[in-house]
1. Could you list, in sequence order, all residues of region 20-36 that are within 17 Å of the chain's Cα centre (by Cα) and in a loop (DSSP other than H, G, I, E, B)?
2. Residue check, Val71 against (1) out of contact with any Gly (no Cβ under 9 Å at 6 or more places or on another chain); (2) open to solvent by less than 30 Å² (accessible area, probe 1.4 Å); (3) assigned to a helix (DSSP H, G or I), all met but one. Which one?
3. Identify the single condition in (1) open to solvent by 70 Å² or more (accessible area, probe 1.4 Å); (2) modelled with pLDDT of 95 or more that Val34 does not satisfy, given that it satisfies every other one.
4. Looking at region 199-214, is at least one residue part of a loop (DSSP other than H, G, I, E, B), more than 14 Å from the chain's Cα centre (by Cα), at pLDDT below 95 and on the phi < 0 side of the Ramachandran plot?
5. Report, by residue number, each residue of region 58-79 that is hydrophobic (A, V, I, L, M, F, W, C) and within 13 Å of the chain's Cα centre (by Cα).
6. Take Ser177 and decide whether it is among the polar types (S, T, N, Q) and either farther than 30 Å from Ala78 by Cα or surrounded by fewer than 23 Cβ atoms within 10 Å (Cβ to Cβ) (or both).
7. Return the residues of region 88-110 that are surrounded by 19 or more Cβ atoms within 10 Å (Cβ to Cβ) and among the aliphatic types (A, V, I, L, M); say none if nothing qualifies.
8. Does Thr21 meet the test of being β-branched (Val, Ile, Thr) and loosely packed, with under 13 Cβ neighbours inside 10 Å?
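The values are calculated or read from the model by the stated rules, or taken from the named source; none is laboratory data. For clarity, every value in this text was computed on a predicted model and none was experimentally measured. Backbone-built Cβ (ideal geometry, glycine too); neighbour counts: all protein chains shown. The area values use the complete protein model at the heavy-atom level, side chains included, leaving out ligands, DNA and RNA. Shrake-Rupley method; radii C 1.70, N 1.55, O 1.52, S 1.80 Å.
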Amino acid sequence: MAPPLIGISGCVEQSARLSGTPLVAVGVAYVRAVEEAGGAPVVTPPHPNEALLRGIFERLNGLVLSGGGDVLPALYGADDSGLLWSVNEERDRAELTLARWALAEGRPLLAICRGIQVLNVAAGGTLIQDIATQVPDALPHSSVASRPMHSVAHSVELASESRLLALLGTPTLGVNSAHHQAICALGAGLVVTALAPDGVIEGVEAPGQPFCLGVQWHPEAMLETAPAMRRLFEALVEAARAR
């Protein structure tokens with residue numbers, strides 16, 4: 001049996017070798033995490049042509065929404081705070097479209113870091129645009145910038161009876177952290193499954209979906225130091241295979 005095809009949302013970056021040459025890219029850690037879980041990873045480009053994007057989506061058995069820059073505030077009905085970075089409206093619109101299709105059709109979905117924010121906006125929710133200035137007594141959530149990606153930045157508490165707890169097996173765990181935005185108003189159909197000590201939402205899931213999880217940390221970067229994180233990718237691939 002062929003492995004299930006898992007799309008990983010890509011972003012456009014400038015080549016470090018060829019000046020002025022844009023590349024569609026994803027981190028190798030996402031690819032390896034999907035491969036090791038038994039899936040066949042493919043990169044989904046941030047394509048503005050909805051018909052072509054739909055043609056790609058139709059072939060996918062599951063989807064990973066990857067990390068990256070901030071979501072354009074206008075897409076969730078907010079004004080720009082002036083504290084944003086790496087906004088790419090083309091990518092935003094492509095990923096929001098993919099997320100909405102996945103929710104509408106029950107396609108297995110794992111949303112990571114920026115991905116959990118895209119998922120929340122796709123479900124009608126809003127975002128905190130800058131944790132440091134908008135959350136009182138906030139932890140330094142972007143702390144991974146000064147340390148190895150697998151380093152634990154803070155703990156999270158997992159909700160009882162959540163799928164996330166069932167997969168990871170412990171109510172408290174240490175996670176890395178590489179974000180300055182987070183979920184504000186929760187999107188329709190989503191429930192909170194993980195919280196940081198400062199109250200920032202770190203995990204969500206959609207109980208009405210076959211498989212739909214979002215985490216605010218980067219599990220793909222912690223597979224060696226926290227092997228339980230592998231279960232997130234294995235569960236995605238299992239759900240994609242069952243579909």
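1. Once the filter is applied, which keeps residues that are within 17 Å of the chain's Cα centre (by Cα) and in a loop (DSSP other than H, G, I, E, B), region 20-36 yields Val26, Gly27.
2. Single failed check for Val71: (3).
3. Evaluating Val34 over (1) open to solvent by 70 Å² or more (accessible area, probe 1.4 Å); (2) modelled with pLDDT of 95 or more leaves (1) as the failure.
4. yes
5. Leu63, Val64, Leu65, Val71
6. Against the criterion (among the polar types (S, T, N, Q) and either farther than 30 Å from Ala78 by Cα or surrounded by fewer than 23 Cβ atoms within 10 Å (Cβ to Cβ) (or both)), Ser177 does not qualify.
7. Across region 88-110, the qualifying residues are Ala94, Leu96, Leu98, Ala99, Ala102, Leu103, Leu109, Leu110.
8. yes
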